[in-house]
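The values are calculated or read from the model by the stated rules, or taken from the named source; none is laboratory data. Keep in mind that this is a model prediction, so the values were computed, not measured. Positions of Cβ are backbone-derived with ideal geometry, glycine not excepted, and every protein chain shown enters the neighbour counts. We work out accessible area using only protein heavy atoms, side chains counted, and drop any ligands, DNA or RNA first. Shrake-Rupley method; radii C 1.70, N 1.55, O 1.52, S 1.80 Å.
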Amino acid sequence: MSSIEEIHAIIGGIIERFGGNAQEQRLDENSWVFRKGSATGLVLVKPAPDEPGGGDVLAVCEIMRLPDGDRERIYRRLLELNDALCGKAAFSVNAQDVVLLQAGRKLEQIDPAELEDLLLRTAGVADRYDDALLDEFGRDLAVV
């Protein structure tokens with residue numbers, strides 16, 4: 001089982017391998033900004049207060065804003081993409097009408113390779129689909 005401090009160090013190392021600066025990209029004790037290509041996201045460590053060593057790590061990328069009007073087409077497209085991702089990550093929509101790509105894993109017994117895979121895979125999928133979805137639904141929906 002990795003301690004929260006070990007998880008923080010692993011995340012910092014992954015961000016450095018992305019070509020970033022882990023200290024500059026750290027937002028607070030348990031969150032960092034990460035970038036890959038055109039994708040920007042957050043890594044969030046959410047310790048479980050009642051469970052030493054427990055909790056979750058999440059990678060969350062903003063993809064685009066939802067279009068106004070009929071949203072059935074984009075919702076269908078996001079569900080099709082979720083199916084293609086086979087549970088490794090999922091698109092969702094937040095309360096601010098922003099399309100997100102998220103993936104998470106329990107901290108218990110996570111190893112560095114799993115954590116790196118979670119972040120690289122999520123960032124890679126976000127980098128692949130942010131431009132594709134903006135091309136399909138309109139560049140004016142980009143998150144600024």
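See the values below:
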| quantity | calculated |
| --- | --- |
| Matching label, Kirkwood radius over Cα pairs in Å computed from the structure shown, candidates (i) 15.8; (ii) 15.4; (iii) 16.3 | (i) |
| Using alpha-carbon coordinates, inclination of helix 112-137 to the longest axis of the chain, degrees | 10 degrees |
| Ranking by accessible area, most exposed first, for Ser38, Ser31 with a 1.4 Å probe | Ser38, Ser31 |
| Which of Ala48, Cys61, Leu78, positive extreme of dipole for the chain (C-beta unit charges) | Leu78 |
| Sparse-neighbourhood loop sites, GluC sites (Glu not before Pro) in segment 3-59 - DSSP loop, at most 14 other Cβ within 10 angstrom | Glu29 |
| GluC sites (Glu not before Pro) within segment 99-136: DSSP coil, no more than 15 neighbouring Cβ in 10 Å | Glu108 |
| Gain upon complete extension [Asp117, Leu27; 0.36 nm per residue less C-alpha separation] | 30.2 nm |
| Potential extension, Ala95-Gln109 segment - 0.36 nm per residue separation minus Cα distance | 1.8 nm |
| Unit charges on C-beta of K, R, D, E only; dipole of segment 7-97, Debye | 400 debye |
| Cα centroid separation - segment 87-103 against segment 14-84, whole Å | 9 Å |
